[in-house]
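J.: Sending over a structure as structure tokens; questions will come in a sec.
The values are calculated or read from the model by the stated rules, or taken from the named source; none is laboratory data. In this text, all values refer to a predicted model and were calculated from it rather than measured experimentally. FYI the Cβ positions are ideal-geometry reconstructions off the backbone, even for glycines, and counts take in every protein chain you see. Surface areas here come from the heavy atoms of the whole protein model, side chains and all, with no ligands, DNA or RNA. Shrake-Rupley method; radii C 1.70, N 1.55, O 1.52, S 1.80 Å.
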Amino acid sequence: MALSVRKLSGRRSGPAQEERQELMNSLARTRTLINQAYGGFNTASDSDLIESYVFEINSLQARYNYLLRRVKELEGIT
């Protein structure tokens, strides 16, 4: 896998590479937020707070899936 990533990134330059890097940074930030939300969910005891974490996790997972799909589109993977 590492070989193919290097090969793909070696071909790209300019705006497409910048967009990919921005998407990768957003993926990393979103992963961190998902982990934090799971941490809060696991320690919450109030039903309203638990429900809010469920919505937050679902929202962040939808964002993560979108970002991942965009990265794959840029790399020509469907």
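J.: Can you confirm whether Arg63 is outside any loop (DSSP other than H, G, I, E, B) and either at pLDDT below 95 or exposed (fewer than 13 other Cβ atoms within 10 Å of the Cβ) (or both)?
T.: Criteria not met by Arg63.
J.: Given Ser4, Ser52, which one is in a helix (DSSP H, G or I), out of contact with any helix residue (DSSP H, G or I) (no Cβ under 8 Å at 6 or more places or on another chain) and at pLDDT below 90?
T.: On inspection, the qualifying residue turns out to be Ser4.
J.: Report whether or not Leu33 is at pLDDT 95 or above, touching a Gly at 6+ places or on another chain (Cβ under 9 Å) and open to solvent by 70 Å² or more (accessible area, probe 1.4 Å).
T.: Considered against the rule, which asks whether it is at pLDDT 95 or above, touching a Gly at 6+ places or on another chain (Cβ under 9 Å) and open to solvent by 70 Å² or more (accessible area, probe 1.4 Å), Leu33 comes out as no.
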